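Worksheet: the structure to be examined is printed underneath.
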Amino acid sequence: MFVDVLFDPFEGSWSDVRAGALLAEQAGFDGVWLYDHLAGSVHGASRVLECWTTLTAIAAAVPRVSIGPLVLNVANRDPGTLAVMAATLQEVSGGRLLLGLGAGGGLDTPYAAEQVALGRAVPGAKVRRRWVEDAVARVREVWTGAAGGATGFLRPHPPPPIIIGGFGPKMAELAGRVGDGMNAPGGGHLGQLIEIARDAHARSGRDPADFVVTASSGPRGHQRLAELGVSRVIIYVRPPYADGVAQVHAALID
C-alpha cells in the first residue's frame, strides 16, 4: 500500500508547498495531493492556491512522487480542455499523474459559494453525477487524439488513472462503472463503498483487482485500510507543510 500526503492549500504559499513536497519525497512518501478550490473564504481562509498550476509546479520541482488533485470539481474546467491539461501534466511529470475527478459540493455546503460567485450553476446531486460521467467520457475521447472532427490533441502515455470521489453509494457505483479508481473517506462505510465500486467495475467488464482505491487516514490505522483493499492511504497535512510532513513521518516510524 502506498502512503501519500494531502496538502491543504488554504493559506498555503508556493515556497511552502515546494519545501513540503521535497521533504515528502526525501522521507519516502509516495504521492502528494491537493484539494481543488478557488476562493479562500469557503474555508475561512484569506487565500488558496489553484490546484492544477500548483501540481504542475510540483511535478517540475520534485522528480519522483506521484501527484494528483483530490479531487477536481468537474465544474471548474471544461472536460475537453482538462483532457489536454492532464495529458500535458502527464508528460511534464513523466507519467506520475493520478487524475482525481468529482462532483463538487451542493448548495447545502460552504463550497458552493465559490461556484455561485463565478456565475456557475450548482444543481442537485443527480445532475452533478451526470456531469462527472460526461466529463470522464469526454476526457477519454480527447485522449484518443481526435474529437469532433479535429485531430492532434495531445495523447497521454500512459493515460493517467481516473479516480472518482466516492463519498456515497451512488458515486461509488459511478466510480466503479466509468472510473479506474475511487477516493473515499476512511470511516466505517469504507468497506461497503469499496464493494459497491468493485462490483460495478466488474460489471463494466474490467478486472476489479486493477481498481485503485485511495482513502483518507491519520498516521495510524493503516492495517485496517490495507485489509479492506485500499491501494493508497492519504494523510492530511496543513501548512507549514514541511513541519506537517515531518510530524507525520515521525508518527509513522514511531
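Derivation of every value follows stated rules applied to the coordinates shown; laboratory data play no part. These figures come from a predicted structure and were not determined experimentally. As a convention, Cβ positions derive from the backbone with ideal geometry for all residues, glycine included, and neighbour counts pool all protein chains shown.
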query = Once the principal axes of the Cα atoms of the chain are found, what is the range along each, listed largest first in whole angstroms?
reply = 52, 39, 38
ask   = Under a GNM of the chain (C-alpha, springs under 10 Å), which listed residue has the highest mean-square fluctuation: G149, G187, G31?
value = G149
ask   = How large is the dipole of the stretch 144-254 about the Cα centre if only Lys and Arg carry +1 and Asp and Glu carry -1, each at its Cβ, rounded to the nearest 20 debye?
value = 200 debye
ask   = For A246 and M1, what is the calculated FRET efficiency with R₀ set at 25 Å and r taken between the beta-carbons, to the nearest 0.05?
value = 0.70
request  = Report, by chain and number, residues whose modeled amide H sits under 5 Å from the one on E11, excluding near sequence neighbours (fewer than 5 apart, same chain).
outcome  = S46, R47, V48, L49
Kirkwood estimate for the stretch 80-183, i.e. one over the average of 1/r between Cα atoms, Å = 14.7 Å
remark   = Taking 0.36 nm per residue of separation between R238 and D210 and subtracting their Cα-Cα distance, the length gained on full extension comes to 7.0 nm
Max mean-square fluctuation residue, GNM over the chain, Cα-Cα springs under 10 Å, options A24, A135, A60 = A60
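Length gain on complete extension for the stretch T81 to A125, per 0.36 nm per residue less the alpha carbon to alpha carbon distance?
Values: separation 44, 0.36 × 44 = 15.84 nm, distance 2.36 nm.
Net length gain for the segment: 13.5 nm.
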message = If I build a Gaussian network model for the chain, linking alpha-carbon pairs within less than 10 angstrom, which residue out of M171, M182, M85 has the largest mean-square fluctuation?
response = M85
request  = Express in whole angstrom the spacing between the alpha-carbon centres of the stretch 1-37 and the stretch 194-254.
outcome  = 15 Å
query = So if R0 is 41 Å, what FRET efficiency would S15 and L107 give, r being the distance between their Cβ atoms, rounded to the nearest 0.05?
reply = 0.70
message = For the chain, what does the helix formula give at 222 nm: sum of -39500 (n - 2.57) over DSSP H segments with n ≥ 4, over the residue count, nearest 500 deg cm²/dmol?
response = -13500 deg cm²/dmol
request  = Assign unit charges at the C-beta atoms only (+1 for Lys and Arg, -1 for Asp and Glu), then state the dipole size of the stretch 24-80 relative to its Cα centre in Debye, rounded to the nearest 20.
outcome  = 80 debye
